[in-house]
Amino acid sequence: MKAIRSALIALCFLLIPLQTLAWGKLGHEIVGDLAQRQLNAKAQAEVARLLAAESEPTLAGVANWADTLRASDPDRFKQTSRLHYINFPRDVPCEFVPVRDCPDGNCVVAAINKNFTILSDKNRTDLERTEALKFLVHFIGDVHQPFHAGYGDDRGGNTFQISYQGKAWQPLANPKPGDYVPSGWNIHSVWDSMITESKTRDTKKYADFLWKQSPLPFDETKRSDRPAVDWAMQSCRILKDNPYPPKNIIKDDYLNKYRPLQERRLREAGARLAAMINYALGR
């Protein structure tokens, strides 16, 4: 009976909306890879020290840890699942109202700020700072996925179903644990994975390609005293400026149209993650 109850509890957590799975495995790894390349020497050394016990002791290697809690630690996942996103009202400007958008600190903006503070605090234990680093890698990736700053009425696009009528994205022949191979698509999952995976599923290859692009323009959020809020509002405005596909149908031209925008968000996430880690660990 106990085993059956445990299985049912685990199943309930598996049914939590996929709003918590931003970028999919590939996108989060790309953000971590790009960030690692931009760490200063002191931050590199401290990241290596904090992640020494991890099976893959790199930012890319731990980038999906917060999502793997769904299976490895369902109770912890339940406690943290609300921290992967923020909901904005659909028909008002993209402005952050804490009491409305982040009640009791339960949103990705507050989660970024909290984990940055823990990571920066040398009086915290290594375990606390390591977990804060792993959460920070993931949550900064999350907030740059536009649908993680989307609308609560459709659960960040999870209830907007999509019919994909194209050939660029193909199911994996031999999926591994953690690979994104849904039985159906919604607009959130298209942005999580389909746009990225339709180009390549090779993390290093994709990160190398993005690393070689022309430098990003100056990041005005570097001057902000609330950068995580600014990043979330940027994602919100992307949704405001780009309507959902008509008739719930997308083809390969949709993937090609939005890939440059998605790649820019991945690059911005990597640069901003690196800047936060450099500030927390590299001074």
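The values are calculated or read from the model by the stated rules, or taken from the named source; none is laboratory data. On a predicted model such as this, the values are computed, not experimentally measured, just so you know. Cβ sites come from the backbone with ideal geometry, for glycine too, and all protein chains shown count toward neighbours.
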Handout entry: Residue list for region 174-233, restricted to those being under 18 Å from the mean Cα position of the chain (by Cα), within 24 Å of T58 (Cα to Cα) and aliphatic (A, V, I, L, M)
Key = A207, L210, A228
Completion exercise
Apart from one, (1) farther than 21 Å from I238 by Cβ; (2) modelled with pLDDT under 95; (3) surrounded by fewer than 14 Cβ atoms within 10 Å (Cβ to Cβ) all hold for P103; the odd one out is (2)
Handout entry: Residue in region 86-99 that is part of a helix (DSSP H, G or I) and either surrounded by 22 or more Cβ atoms within 10 Å (Cβ to Cβ) or aromatic (F, W, Y) (or both) present
Key = no
Exercise for the section: Any chance you could count how many residues in region 196-216 are assigned to a helix (DSSP H, G or I), farther than 15 Å from K25 by Cβ and either of a type in the set (S, T, Y) or touching a residue at least 24 places away in the same chain (Cβ under 8 Å) (or both)? Expected result: 2
Practice task
Output the residues belonging to region 111-126 that are surrounded by fewer than 21 Cβ atoms within 10 Å (Cβ to Cβ), within 19 Å of the chain's Cα centre (by Cα) and touching a residue at least 60 places away in the same chain (Cβ under 8 Å).
Solution key: N113
Practice task
Quickly run through region 142-156 and pick out the residues that are surrounded by fewer than 24 Cβ atoms within 10 Å (Cβ to Cβ) and touching a Lys or Arg at 6+ places or on another chain (Cβ under 7 Å).
Solution key: Y151, D153
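In a loop (DSSP other than H, G, I, E, B) and either surrounded by 13 or more Cβ atoms within 10 Å (Cβ to Cβ) or out of contact with any His (no Cβ under 6 Å at 6 or more places or on another chain) (or both), is that true of L266?
Details: in a loop (DSSP other than H, G, I, E, B): no; either surrounded by 13 or more Cβ atoms within 10 Å (Cβ to Cβ) or out of contact with any His (no Cβ under 6 Å at 6 or more places or on another chain) (or both): yes.
In short, no.
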Practice task
For K78, state whether it is surrounded by fewer than 19 Cβ atoms within 10 Å (Cβ to Cβ), touching a residue at least 40 places away in the same chain (Cβ under 8 Å) and part of a helix (DSSP H, G or I).
Solution key: yes
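Of all residues in region 157-184, count the ones that are of a type in the set (S, T, Y), touching a residue at least 40 places away in the same chain (Cβ under 8 Å) and loosely packed, with under 14 Cβ neighbours inside 10 Å.
The first filter runs over region 157-184 and keeps only residues of a type in the set (S, T, Y), leaving 159, 163-164, 180, 183.
Within this subset, residues satisfying the condition of being touching a residue at least 40 places away in the same chain (Cβ under 8 Å) are 163-164, 180.
Now drop any that are not loosely packed, with under 14 Cβ neighbours inside 10 Å, which leaves 163.
The number of residues fulfilling the criteria is 1.
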